[in-house]
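Student: Take this structure, written in structure tokens, and hold onto it; I'll ask about it next.
The values are calculated or read from the model by the stated rules, or taken from the named source; none is laboratory data. On a predicted model such as this, the values are computed, not experimentally measured, just so you know. Cβ atoms come from the backbone with ideal geometry, glycine included; neighbour counts cover every protein chain shown. Each accessible area value is taken on the protein alone, full model and side chains, heavy atoms only, with ligands, DNA and RNA left out. Shrake-Rupley method; radii C 1.70, N 1.55, O 1.52, S 1.80 Å.
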Amino acid sequence: MLLRVGEGSLIRALTPEEDRAVAFLLPIYSTDGETAALLPERDGGEEDPMATGIEVGEEKARFQEGAELEASDDTAHKISHDPWYQVAFILTTGVNSAYVLGYSGSIMVYLGWMAGTTGLILAAAISLHANILLAHIHEVGGRKMYSLTWGLQYVNLFMINTGFIILAGQALKAMYVLYRGDNALKLPYCIAIAGFVCALFAFGIPHLSALRIWLGISTFLSLVYIIVAFVLSLRDGISTPPRDYSIPGSHVNKIFTTIGSVASLVFAYNTGMLPEIQATIKPPIVKNMEKALWFQFTVGVLPLFAVTFMGYWAYGSSTSTYLLNSVSGPAWVRAMANIAAFLQTVIALHIFASPMYEYLDTKYGRGKGSAFSFHNVSFRVAVRGGYLTINTFVAALLPFLGDFMSLTGALSVFPLTFVLANHMYLTVKKNKLSAFRKVWHWLNVVGFSCLAVAAAAAATRLIIADSKTYHLFADL
């Protein structure tokens, strides 16, 4: 396997120590069973092969900066193809998806002004740090823990996609209620319709790089529902009496909802698929990825902050987990916002489903010729349609959006983005790190591991409680 890390690469074998070091990293494009690892760096930042004690001799081979990897042997999708700003828009689309309409009710309501505001800002800073660590460990393979890391990542993306279908269903239901009061169209039916539309979109877009103009449309749609939610919340907040900002629930329930909200904090900023997104970016890989990440965590998070804080300010502890259910105003304006939220969710789901599509296309469906040949289209219809059918069924069965965000953050975002990134960076770079930095990374590993366990328990309890309070296939 050819390894590219940062701005250059070496081809060589691993020491047993290095093999252990890479055991936990996601081998996104390593399908040949080989392993590779980061090389220690010289003081100037250049990789130093001699620091490992390995005599590389004539096997040393550097690629020119900017060389692209061929996709034909490892993946059916395009890699090293997209400019940094396109990747930045993908990341911003993810962070400002229709999920932002739920953070007022799922985070702020259970944390309050001080803890909620501090938590959102702190979670953004910690998430930026963790994602930059992952960006610097670009393509590193390892087979020992492949099944565990692969499983965690795809559980993460499956749950995110399930949440997207719940969101799309809620948008359809909210739009229906605006004009019909008979309640004939239940939420499970809306979720089924949403899943069908998401499948149609998945059939027509073969891979992540093919989104292109859809990213611009997604950004426009995001602005529509964010601006509408912000303005109508501001209008309601000005015209209504003082709100109640007390945290709801009994003492025991407050403990579990607070822990679950902490998991939702990290869920808000992290995709769980940074390696796949980074694989599409043009060289220089790490430098361009850092540009995209800084854009996401500066300009990209501003709409999220605006709508989250405004929604909580306007409605206090009564804020809905889907903010557009709380706002009042002209029916046509709210309908426009719900339509925008529905359509943007369809696009965003495709981004988060792309790693699964890439895996299935590469392993089972790589056909010759055009992506729109009969073989390739029929394969997408069968396989992607089956995957989204399962997503849709789970979404209709347990349509508890806030609980899904908490469980996703606990089971996968914490381990993949925070525990894994810090452990790998610590292990591979340990000879170059100061004592303080080693302690810092170990604190991250241990602390986020404990948070993951606690948040998973809390989110599971919340789902069980909501299932008893409502019922399966609930019409919320």
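Student: Can you list residue pairs whose Cβ atoms sit under 6 Å apart, with the first residue in the stretch 106-133 being closer than 25 Å to residue 425 by Cβ and the second being modelled with pLDDT of 90 or more and outside any helix (DSSP H, G or I)? Count only pairs 6 or more apart in sequence or on different chains.
Tutor: 124/301
Student: Give all pairs with beta carbons closer than 7 Å in which a residue from the stretch 171-193 that is in a loop (DSSP other than H, G, I, E, B) meets a residue that is basic (Lys, Arg); count only pairs at least 6 apart in sequence or on separate chains.
Tutor: 185/173
Student: Here is a follow-up. Please find, among 252, 262, 266, the residue that is within 30 Å of residue 352 (Cα to Cα) and out of contact with any Leu (no Cβ under 8 Å at 6 or more places or on another chain).
Tutor: 266
Student: I'd like to check something: does the stretch 296-303 contain any residue that is modelled with pLDDT under 90 and crowded, with 24+ Cβ neighbours inside 10 Å?
Tutor: no
Student: One residue is enough: does the stretch 185-205 have a residue meeting the conditions open to solvent by 10 Å² or more (accessible area, probe 1.4 Å) and at pLDDT below 85?
Tutor: no
Student: Looking at the stretch 232-255, is at least one residue assigned to a loop (DSSP other than H, G, I, E, B), touching a residue at least 12 places away in the same chain (Cβ under 8 Å) and crowded, with 23+ Cβ neighbours inside 10 Å?
Tutor: no
Student: Can you pull out every residue in the stretch 103-126 that is closer than 22 Å to residue 337 by Cα and either modelled with pLDDT under 90 or surrounded by fewer than 24 Cβ atoms within 10 Å (Cβ to Cβ) (or both)?
Tutor: Matches in the stretch 103-126: 106 only.
Student: So residue 315 passes all but one of these: (1) farther than 12 Å from residue 228 by Cα; (2) open to solvent by less than 10 Å² (accessible area, probe 1.4 Å); (3) not small (Gly, Ala, Ser). Which condition number does it fail?
Tutor: Of everything listed in (1) farther than 12 Å from residue 228 by Cα; (2) open to solvent by less than 10 Å² (accessible area, probe 1.4 Å); (3) not small (Gly, Ala, Ser), residue 315 misses just condition (2).
Student: In the stretch 258-270, what residues are surrounded by fewer than 24 Cβ atoms within 10 Å (Cβ to Cβ) and not hydrophobic (A, V, I, L, M, F, W, C)?
Tutor: 258
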